[in-house]
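What follows is calculated from the coordinates using simple rules that are stated; it is not laboratory data. These figures come from a predicted structure and were not determined experimentally. Virtual Cβ from ideal backbone geometry, glycine too; neighbours counted across all protein chains shown.
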């Protein structure tokens with residue numbers, strides 16, 4: 001059974017078409033070639049669709065820092081929903 | 001604050017023209033994997049856009065649109081007092097293309113004619129100029145032209161821009177009319193962020209050299225030279241969804257208008273994801289926000305009037321509709337305006353070879 005954090009990591013990796021092993025908390029756009037600005041918006045849109053979230057544009061920008069930040073904001077929205 | 005109230009001025013006609021040649025984002029751009037192409041289209045909502053041939057300029061598109069307006073509104077070119085052309089893609093580095101259009105449109109030599117070097121805010125900035133010429137200088141009729149052939153600024157394998165930007169041109173007739181409702185326009189500028197959306201070299205600051213013309217993979221992963229258009233996608237997203245939304249919200253509050261008071265919100269057609277976010281933040285329902293991004297893409301200075309022309313040309317009956325308009329982009333420059341569109345003439349969008 002996957003934890004919520006593992007689900008977020010796996011969806012992140014699937015949307016970017018990279019191995020989940022390449023995604024760690026410290027992973028940043030500069031360290032992951034596929035994670036460019038266009039792919040980032042595809043990620044945000046993909047998470048919104050998959051988990052029924054409505055992520056604020058300012059948060060979407062903040063999520064482009066590293067995977068830890070990305071995950072924290074997704075978790076925050078998921079917890080707010082439940 | 002550059003906010004002005006213009007009285008006794010109406011928009012009597014708006015027309016658009018696009019190149020006939022179409023680019024399909026799903027089947028073209030084979031440099032990008034098919035799965036990525038599908039995701040980009042789903043995100044940006046740009047399924048296709050129009051691309052000008054090397055011979056076709058923005059001014060040609062605007063000229064065709066202007067001629068359609070003259071014909072449909074039964075106006076003669078001699079009745080035009082000023083030509084204001086907002087574009088980033090002029091025919092020549094000099095002179096102003098508006099001067100050439102004075103001749104090509106057969107307007108009087110006593111006409112005022114100049115270009116405004118603006119992109120996505122070009123319609124709002126141009127409208128500000130047109131209204132100023134009427135209210136301040138006492139002119140009767142201003143032909144506002146906005147158009148760009150941005151595809152010529154992009155490298156064909158730079159995925160940051162090539163899936164979004166298209167070509168188009170428009171003409172809007174702005175006229176003195178004592179019975180017209182107010183037009184209120186607010187303009188904003190922040191040049192400190194100009195490097196988020198610009199062509200780095202090939203101008204006077206950094207003249208063209210072999211090095212600036214060299215096409216290579218740039219640090220952001222985009223394939224282009226320094227003489228191609230560069231866009232910092234995240235910074236532009238941040239600008240559009242923060243600064244632009246804030247300006248529109250404050251403008252609406254100052255003007256005491258809510259989304260319920262507005263029939264139509266015409267946003268610069270930036271990209272589908274961004275525009276959805278902006279409209280949602282401003283609490284506008286989808287049916288109040290017309291789009292052309294799906295089939296014309298982001299056409300720079302043309303995108304707002306092209307969307308207006310498309311929208312109004314589809315309607316069978318035209319009444320009074322209060323519109324909110326916002327253009328934002330290169331500069332960084334942005335603006336917001338409110339106006340009442342009352343029985344505007346809008347012919348179907350033209351297609352040019």
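So for the range B:112-126 (the condition being part of a loop (DSSP other than H, G, I, E, B) and within 20 Å of residue B:347 (Cβ to Cβ)), does at least one residue qualify?
Checked the range B:112-126: no residue is part of a loop (DSSP other than H, G, I, E, B) and within 20 Å of residue B:347 (Cβ to Cβ).
Please identify the pairs in which a residue from the range B:212-224 that is away from every other protein chain (no Cβ under 11 Å) has its Cβ atom under 6 Å from the Cβ atom of a residue that is surrounded by fewer than 17 Cβ atoms within 10 Å (Cβ to Cβ) and part of a loop (DSSP other than H, G, I, E, B), counting only partners at least 6 apart or on another chain.
So the pair list comes out as B:223/B:157.
Determine whether residue B:338 is in a helix (DSSP H, G or I), crowded, with 19+ Cβ neighbours inside 10 Å and in contact (Cβ under 8 Å) with a residue 40 or more places away in the chain.
When the stated conditions are applied, residue B:338 does not pass them.
Hey, could you check the range B:235-253 for residues that are within 14 Å of chain A (Cβ to nearest Cβ) and surrounded by fewer than 18 Cβ atoms within 10 Å (Cβ to Cβ) and say which is nearest to residue B:197 (Cα to Cα)?
Ranking the qualifying residues of the range B:235-253, first place goes to B:235.
Could you check, for the range B:161-175, whether at least one of its residues is buried (at least 22 other Cβ atoms within 10 Å of the Cβ), within 14 Å of chain A (Cβ to nearest Cβ), over 21 Å from the mean Cα position of the chain (by Cα) and part of a loop (DSSP other than H, G, I, E, B)?
Within the range B:161-175 (the criterion being buried (at least 22 other Cβ atoms within 10 Å of the Cβ), within 14 Å of chain A (Cβ to nearest Cβ), over 21 Å from the mean Cα position of the chain (by Cα) and part of a loop (DSSP other than H, G, I, E, B)), the answer is no, since none of the residues qualifies.
The rows are residues; the columns are (1) surrounded by 17 or more Cβ atoms within 10 Å (Cβ to Cβ); (2) out of contact with any helix residue (DSSP H, G or I) (no Cβ under 8 Å at 6 or more places or on another chain); (3) in contact (Cβ under 8 Å) with a residue 12 or more places away in the chain.
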position	(1), (2), (3)
B:303	yes, no, yes
B:317	no, yes, no
B:328	yes, no, yes
B:343	no, yes, yes
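What number of residues within the range A:22-36 satisfy the criterion of being facing another protein chain (nearest Cβ under 8 Å) and under 13 Å from the mean Cα position of the chain (by Cα)?
Residues in the range A:22-36 being facing another protein chain (nearest Cβ under 8 Å) and under 13 Å from the mean Cα position of the chain (by Cα): 1 in total.
Take the residues in the range B:292-301 that are touching a helix residue (DSSP H, G or I) at 6+ places or on another chain (Cβ under 7 Å) and either within 14 Å of chain A (Cβ to nearest Cβ) or assigned to a loop (DSSP other than H, G, I, E, B) (or both), then tell me which one is surrounded by the fewest Cβ atoms within 10 Å (Cβ to Cβ).
If we take residues in the range B:292-301 being touching a helix residue (DSSP H, G or I) at 6+ places or on another chain (Cβ under 7 Å) and either within 14 Å of chain A (Cβ to nearest Cβ) or assigned to a loop (DSSP other than H, G, I, E, B) (or both), then B:292 is surrounded by the fewest Cβ atoms within 10 Å (Cβ to Cβ).
Take the range A:44-58 and flag every residue that is surrounded by 19 or more Cβ atoms within 10 Å (Cβ to Cβ) and either over 20 Å from residue B:274 (Cβ atoms) or more than 10 Å from chain B (Cβ to nearest Cβ) (or both).
A:47
Every residue, every condition in (1) surrounded by fewer than 18 Cβ atoms within 10 Å (Cβ to Cβ); (2) more than 12 Å from chain A (Cβ to nearest Cβ); (3) over 15 Å from residue B:83 (Cβ atoms), yes or no:
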{"position": "B:33", "(1), (2), (3)": "yes, no, yes"}
{"position": "B:44", "(1), (2), (3)": "no, no, yes"}
{"position": "B:48", "(1), (2), (3)": "no, yes, yes"}
{"position": "B:54", "(1), (2), (3)": "yes, yes, yes"}
{"position": "B:67", "(1), (2), (3)": "no, yes, no"}
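Using the structure shown, decide if residue B:201 is more than 14 Å from chain A (Cβ to nearest Cβ), buried (at least 17 other Cβ atoms within 10 Å of the Cβ) and over 17 Å from residue B:268 (Cβ atoms).
Against the criterion (more than 14 Å from chain A (Cβ to nearest Cβ), buried (at least 17 other Cβ atoms within 10 Å of the Cβ) and over 17 Å from residue B:268 (Cβ atoms)), residue B:201 qualifies.
Do you know which of the residues in the range B:268-287 that are away from every other protein chain (no Cβ under 14 Å) and in contact with a helix residue (DSSP H, G or I) (Cβ under 7 Å, 6 or more places away or on another chain) is surrounded by the fewest Cβ atoms within 10 Å (Cβ to Cβ)?
Here the residue is B:284.
Given the conditions (1) assigned to a loop (DSSP other than H, G, I, E, B); (2) touching a strand residue (DSSP E or B) at 6+ places or on another chain (Cβ under 9 Å), and given that residue B:64 satisfies all but one, which numbered condition is not satisfied?
The single condition residue B:64 does not satisfy is (1).
Take the range A:1-21 and flag every residue that is more than 9 Å from chain B (Cβ to nearest Cβ) and surrounded by 16 or more Cβ atoms within 10 Å (Cβ to Cβ).
A:8, A:9, A:11, A:12, A:13, A:16, A:18
Take residue B:121 and tell me if it is in contact (Cβ under 8 Å) with a residue 60 or more places away in the chain, buried (at least 24 other Cβ atoms within 10 Å of the Cβ) and either touching a strand residue (DSSP E or B) at 6+ places or on another chain (Cβ under 9 Å) or within 20 Å of residue B:14 (Cβ to Cβ) (or both).
Against the criterion (in contact (Cβ under 8 Å) with a residue 60 or more places away in the chain, buried (at least 24 other Cβ atoms within 10 Å of the Cβ) and either touching a strand residue (DSSP E or B) at 6+ places or on another chain (Cβ under 9 Å) or within 20 Å of residue B:14 (Cβ to Cβ) (or both)), residue B:121 qualifies.
Between B:67, B:78, which is touching a residue at least 24 places away in the same chain (Cβ under 8 Å), over 21 Å from the mean Cα position of the chain (by Cα) and over 30 Å from residue A:39 (Cβ atoms)?
When all the criteria are applied, what remains is B:78.
Determine, yes or no, whether residue B:270 is free of Cβ contacts under 8 Å to residues at least 40 places away in the same chain and within 20 Å of the chain's Cα centre (by Cα).
Against the criterion (free of Cβ contacts under 8 Å to residues at least 40 places away in the same chain and within 20 Å of the chain's Cα centre (by Cα)), residue B:270 does not qualify.
In the range B:69-85, which residue that is assigned to a helix (DSSP H, G or I) and in contact with a helix residue (DSSP H, G or I) (Cβ under 8 Å, 6 or more places away or on another chain) is surrounded by the most Cβ atoms within 10 Å (Cβ to Cβ)?
So the residue we want is B:70.
Hey, any hits in the range B:183-195 for a residue that's closer than 12 Å to residue B:83 by Cβ and part of a strand (DSSP E or B)?
Scanning the range B:183-195, I find no residue that is closer than 12 Å to residue B:83 by Cβ and part of a strand (DSSP E or B), so the answer is no.
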